[in-house]
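Peer 1: Quick one: the structure is below, questions incoming.
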Amino acid sequence: MTQRTLIVGLGVTGASCIRHLAGRDELTVLDTRAQPPGLAEARALHPGIDYRLGVHDIDFTPFDRVILSPGLKLQSPLGRRIRASGLPVLSDIDLFCRAVDEPIYAITGTNGKSSVTAWTGHALAQLNHRPGVGGNLGEAALDIIGPDRDCYVLELSSFQLERMQTYPYRAATVLNVSADHLDHHASLADYAAAKRRIYRQAERLVVNRDDPLSQPDAHAPGSAVTFGAGSPAAGQWGVRAFGGERWLAKGEQAVVETRRLPLAGGHNESNALAVMALINGSENGGGLAALGESILGYRGLAHRCEIVGVVDGVTYINDSKATNPGATMAALSSFSGGRGRILLIAGGEGKGADFAALGEAIAARSCGLIPIGQDGPAIAEAAGRRAPGGRPRRLAEAVRQAARCARPGDAVLLSPACASFDHFRDFRARGEAFRALVKELGP
């Protein structure tokens, strides 16, 4: 029987829901924006759909269910009316999980989830699987469904997790939890609880034993395996010394030398451990040696600790994806210890974050700080630092200022600890702008 479905929110997610349901459901699309992104294409491809635009309410009586975009806050007036309507409220991930039978690897966390999602997809492909990779990363989940796939790897945000049902993922992980999106969630505890929903029906729980906030609730089913920076117990994942070298290991078994990893930094050692813990099992017929080799060809994602140029002996690093303090602290840790200083460009829209711990990290590493955007001054205040040459507000001025202050051997690190929406469309646009500005500095 044809269902009458209300899709709330267009954009990337809403458009994918239209493509998935068109011809099967009777669709109505509601968006509070008069010209939401993707509108022209959606209308051209699906002209028969009823679009209600620039409105904040609707009569829910005619509908059988609601598909709710992750961009709409559940606590907003419209979100509260939707929940009070009595209709089933689903997400695009609910539609996805109902549409596929293949194993799903589900990944969330404050930091590193995009890298681990892409890295897991890469490793599965090296092990002769045909994964579809998407969700909160890259393509919408519904757009990666295909007959040639034998498994799926999904990045899931707290916005998606808080409104979706629970499903038996093959493996699921919360990589870490630190303060983020507190302009959306009522508290850090609520944010962490939304993340931990990913564990509710997972067959295998991949748990960061070093991060208390990411631990599954006591009643979570499934078998658990842990990963962390220290020496692992039997059957767990961690880092051990063998023959004077540091190795990623499972229990007492050496798997791959850390110096062979394609991405530098302790946080990428942790990410690699999470990838192997997610995959290790029946999917890995070649054993631990093949699993270790499968992770070595991955080269990382754009805008994540990406070296975009060396000008006059100064290395410029694009970490625009660092949209919260924890991500920037991880980047600082990865690039500390070189022969030169780090000049950090940070700031933007802080999303209600507390910058105290980031300020301490900046001060402890003697970083130069060049604040930008709406909340750059708050980061400077937390660090007790005065920016060299004043306080620029725009990225272009910050890059020029960094070039004047830096000396050969130094690194200029764009790792904003904030969202980009005060000046840019998204973190990608901010990173591309940084890349272009570095290119203008010289060869």
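Peer 1: Starting from residues that are of a type outside the set (D, E, K, R) and in a helix (DSSP H, G or I), keep the ones in the range 46-85 and report whichever is farthest from Gly9 (Cα to Cα). Write out each step before concluding.
Peer 2: Going residue by residue through the range 46-85, those that are of a type outside the set (D, E, K, R) are 46-49, 51, 53-56, 58, 60-63, 66-72, 74-79, 82, 84-85.
If we keep only those that are in a helix (DSSP H, G or I) too, we end up with 77-79, 82, 84.
Values: Pro77: 14, Leu78: 11, Gly79: 11, Ile82: 13, Ala84: 18 Å.
My answer is Ala84.
Peer 1: Something else now. Mind listing whichever residues of the range 344-355 are open to solvent by less than 50 Å² (accessible area, probe 1.4 Å) and either over 19 Å from the mean Cα position of the chain (by Cα) or free of Cβ contacts under 8 Å to residues at least 24 places away in the same chain (or both)?
Peer 2: Leu344, Ile345, Phe355
Peer 1: Go over the candidates Asp150, Asp180 one by one and state the one that is open to solvent by less than 50 Å² (accessible area, probe 1.4 Å), touching a strand residue (DSSP E or B) at 6+ places or on another chain (Cβ under 9 Å), of a type in the set (Asp, Glu) and more than 28 Å from Arg246 (Cα to Cα). First the steps, then the outcome.
Peer 2: On the way: Asp180 fails: touching a strand residue (DSSP E or B) at 6+ places or on another chain (Cβ under 9 Å).
The conditions single out Asp150.
Peer 1: While we're looking at this one, here's another question. Quick one: would you say Ala411 is more than 20 Å from Ile307 (Cβ to Cβ) and open to solvent by less than 60 Å² (accessible area, probe 1.4 Å)?
Peer 2: Judged against the criteria, Ala411 is not a match.
Peer 1: Would you call Pro392 part of a loop (DSSP other than H, G, I, E, B) and modelled with pLDDT of 90 or more?
Peer 2: no
Peer 1: Could you grab the pairs with beta carbons closer than 7 Å, sequence gap of 6+ or different chains, first residue in the range 35-49 and open to solvent by 40 Å² or more (accessible area, probe 1.4 Å) and of a type outside the set (A, V, I, L, M, F, W, C), second one modelled with pLDDT under 90 and outside any loop (DSSP other than H, G, I, E, B)?
Peer 2: Matching pairs, first to second residue: Pro37/Gly11.
Peer 1: Follow-up question, since we're still on this one. Any idea which residue in the range 86-114 is least open to solvent (accessible area, probe 1.4 Å), counting only those that are part of a loop (DSSP other than H, G, I, E, B) and over 29 Å from Ala353 (Cα atoms)?
Peer 2: Result: Val100.
Peer 1: Still on this structure, I have one more. Here are some residues: Leu296, Leu278. Which one is in a loop (DSSP other than H, G, I, E, B), at pLDDT 90 or above and under 21 Å from Gly265 (Cβ atoms)?
Peer 2: Only one candidate passes the filter, namely Leu296.
The values are calculated or read from the model by the stated rules, or taken from the named source; none is laboratory data. Quick caveat: nothing in here was measured; it's all calculated off a predicted structure. Virtual Cβ from ideal backbone geometry, glycine too; neighbours counted across all protein chains shown. Surface areas here come from the heavy atoms of the whole protein model, side chains and all, with no ligands, DNA or RNA. Shrake-Rupley method; radii C 1.70, N 1.55, O 1.52, S 1.80 Å.
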